[in-house]
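What follows is a short report on a single structure.
Quick note: the coordinates plus some simple rules give every number you see, no bench work behind them. Everything numeric here is computed off the predicted structure, so don't read it as measured data. Quick reminder, even Gly has a Cβ in these numbers, built from the backbone with ideal geometry, and neighbours come from all protein chains shown.
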Amino acid sequence: MLPGGGAIPTLPPSAQQEILQRLLDAGAGRPLGGSPGTSWPLPPAAQAPLPLQAPALPAPSIEEPLSPVERFFANRLTQPLRQFGYETFRSGPGSGPVGNAFGSVPEDYMIGRDDELVIALRGRARQNLTLRVTREGLLLLPDLPPIAAAGRTLRDLRAELEQRAQRELAGSEVFVSLGQMRQVTVFVGGEVTRPGVVTLSPLANVLDALVAASGVRKSGTLRAVRVEGPNGRRSVDLYPVIAGEGTAPDLTLREGERILVPPIGGVVALGGEVSRPAIYELPAGGAPAPLGTLLRLAGDALRPSGNRYLLESTDAEGRRAFREISLTTPLRRGDALLVQPGSDVQSQQLRLSGHVVQPTTRAAGGRGSTLRGLLADSRLVRPDPYPRMGVVLRVEARSRGRSFQPFDLAAMLQGRANLPLAEGDDVIVLALADIHWLSGPTVQRALRGETEGAALQAALPVALPQPRGAAPIAPPQGFAGPPAASGAGPSAGLDCPALTQLATAARSSPQRFGHARIAGFADLGATPCPQVFLDYPTLLAFLLDHAVMLIGEARLPGLYPIIDDTGLDAVLAVAGGVTDTADLSSVELSREPTEQAAAIPLSRSLLDLRSRNFAAVRLSPRDGIRIPRGFRDRDTGAVSLLGEFQRPGSYDIRRGERLSEIIARAGGLTPQAYPYGAVFTRESVRNRQQEGFQRTAREMEQGLMQVAAGQAVVGTRGGTDISGAVAAGREMAAALREARAAGRMVVEANPVILAGRPELDVLLEPGDLILMPKRPNEVTVVGSVQNPGSLQFTTGWRAGHYVQASGGAQRFADQGRAFIVLPNGTSAPAGLGAWQQGGPPVPPGSLVIVPNDPSPFERWGFLRDMTQLASQVAISAAALAVIARGSGN
């Protein structure tokens, strides 16, 4: 009876059975280690709020410690297993009386003392009675004699009341229902979590009592639970209820009975490929049970056939031993069984990988029996594949050795070729980017035998995948083995496996990849290794062995793997065709001899392909094709005309064109042009001048080191201190390193003179620059003069006149070494010395330079050429100044 005096609603037997089965299925279908808490919808009759609720089944904690039984098997199996069925009986804290608290009371309910009955009389007598069964077991009704109710079923009591009403209350009908049920107490002891007296509903069974005691400990049995009472003792096996296998036991619980859970009996572990791996208890008494019976408890093996049953047992001395058994072999206490495939290999399988939409596994029968059938849908291949070759990685059935077999991908996709496939074949589709990588710097370094260096390290991905097909040696699957050695795995290797293997092969056989080494290769840095060569490291060398070298006037020259008897047209199609500058009249074909003997030379032949019948040229792997560049009258590049031309600008030139011709194409010179001061620069000359500056700076620095060493010795004897001169020399060397060479050539640019003396007419090169200045009207004087600057040109004046007009030479000027930089870029002595004749006339636009007198330091060799170095720098500076002024105009 409830404290509030309300009636306990009940469920029909079908609803009770459904709820009970759901509770039991939670244990029967739960993976070892527990299942997450799950709620199920109740039958419609049980969805209303009720005073008593069925105990919730909490989700077992993942951190739950292992029991002694579980620890015993954990030391033997790699797969952690839990004991089966114990999570079924655990209830949440604070659960009330447990039993059938939903729906109507079954007709076979046994009425007991303190049960409350609701009796309704209709007809001649109309009244509603709520009566309780007395302690004597009687039901006292007005107008009727007392009725013995305790110990009778609800069906029997209702039948007797109906008979009495018809006999003693003629014309009346009686309706009987159960109101408030009594509560019974049952003692639960032994290996349960909370032993003691539990309060239950009179409809409760053995399972309800165990749930009320918070479940069975993992040290207790589930197969031999004892129920003792006035009617004797019986043993209850709970596995048929939990696992759904076997004959259901008698779970009824009568008042006055007690439940005892003895210690657990013999157990066995079933792991591997079964539906419900767990630790199972043997039947009562610990007698061995056939493997087939225990497999049914575990939900049977996942495979319908082809299973292997590996048993770990213990002999009389405690040693563990492995053996394979059959389904009829009995298992005994402590045995551990693993269900494994009898032959864990893949059969009738094909794999499509590489440059495909998705690497897939296909069956080797039907459409997968041929390559054309496998690639029937061309959309499986991603855009931009390499059409000239795909590869089938095939495993030989007997030796299990792997080899590559090439095929023409384009012919397969177009239905012009086919290839039968075998079990285990791996069809690899290559991308154009994978083939272009063969001609890259990383592969070329490996072909030279180089495997170390930062450039090669940069080509590696962060993590390398395990090579496909590699499997470590391991103990029997499922059983524990020794721990793996640390440091192993893909991260242990720091180099690309394909490049490492290629470099090793190139060092061992230098002639093998001679056709694949690109002459004049420029090291442009490392490039990442494509994924296909990480998955298949040996594929790189195979492709290079089957590659042809295409160099010269192709749009994408490089290495292209082919199958034998491939047309040149197919290779050129992949390479983008030939360029417009190609000379097809003398295409060179190089072919290695079929027999690699020293007496057979490399054959070369010239092909005339001006008809563009490229398909007639049949190629073999390791061939070389060189497409030369044809002679063109038009040169590659232009020359620039600046300044006083009628039509200045950039002009393309033909081979052999001269300066006078380009001046005529520009319309000639303007009346203000000054041909004597024309500046002609050339890039090749500039590079040589710049190298000369650097070389002179190095020589000067070496001389400074000698001077510094000599100064240390001279200083000890009181010699002259030339530290200032050494510092000046260092500044001069630094200036030379920073100086920018103009690349100026002294040329004759007067069309009138060139017409009379054609030998002075210079040949033009692409990139030449001709600056024609206006006629200047000044002469510049610099160096050791009183007032350096520019003076107006005066006809007939020589250098001495301009020096005097600049205030004269300074005290330490060396007038004997003064020189003039003429407008055409040449230099001449100024003629200021006493023994000189005054020098030549100075034309307008000239530069007069008066250097310092180096005589105090004449014995130091590095100072003797200072005037010459200053002349070179001055000439370049003057030319650059004229170019800058001309560009600004």
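Quick one: net charge around ALA666, please, counting Lys, Arg +1 and Asp, Glu -1 for every other residue with C-beta under 14 Å from its C-beta. So the surrounding residues net to -2.
Between ALA727 and ARG688, the simple label model (points 7 Å from Cα in the Cβ direction) yields a spacing of 3.9 nm.
As an exercise, use a Förster radius of 35 Å and the Cβ-Cβ distance of THR500 and SER343 to find the FRET efficiency, rounded to the nearest 0.05. Could you put the intermediate results ahead of the total?
On the way: r = 35 Å, r/R0 = 0.99.
Efficiency, rounded to the nearest 0.05: 0.50.
Ranked by how many other Cβ atoms sit within 10 Å of their own Cβ, fewest first, the residues THR442, THR826 fall in the order THR826, THR442. Would you mind classifying segment 286-413 by shape? Square roots of the alpha carbon gyration tensor eigenvalues, ordered a ≥ b ≥ c; an a/c under 1.5 is rounded, otherwise it is prolate if a/b is larger than b/c and oblate if not. Judged from the Cα gyration tensor, segment 286-413 comes out prolate (a/c at least 1.5, a/b above b/c). In terms of other Cβ atoms within 10 Å, CYS529, CYS496 run from fewest to most in the order CYS529, CYS496.
With a/c under 1.5 counting as rounded, go ahead and sort segment 268-341 into rounded, prolate or oblate using the C-alpha gyration tensor (a ≥ b ≥ c being the square roots of the eigenvalues; past the cut-off, prolate if a/b is larger than b/c, else oblate). Since a/c reaches 1.5 but b/c is at least a/b, the shape of segment 268-341 is classed as oblate.
Add +1 for every Lys or Arg and -1 for every Asp or Glu among the other residues with Cβ under 14 Å from the Cβ of GLN358, and state the total.
Here the count lands on +3.
A Förster distance of 25 Å, applied to the separation of the beta-carbon atoms of GLU324 and ALA397, puts the FRET efficiency at 0.45.
Within 10 Å, Cβ to Cβ, of ARG618, how many net charges do the neighbouring residues add up to if Lys/Arg are +1 and Asp/Glu are -1? Residues close to ARG618 contribute a combined charge of -3. Ordering 230-239, 498-507, 356-365 by mean Cβ neighbour count within 10 Å, with the highest value first, yields 498-507, 230-239, 356-365.
Which shape class, rounded, prolate or oblate, goes with segment 116-178 when its Cα gyration tensor gives a ≥ b ≥ c as root eigenvalues, a/c under 1.5 marks rounded, and past that a/b bigger than b/c marks prolate?
prolate
Cβ-to-Cβ counts within 10 Å put TRP437, TRP797 in ascending order as TRP797, TRP437, the fewest first.
Once both labels are positioned 7 Å from their Cα atoms along Cα-to-Cβ, the gap between ARG610 and ARG379 label points is 4.9 nm.
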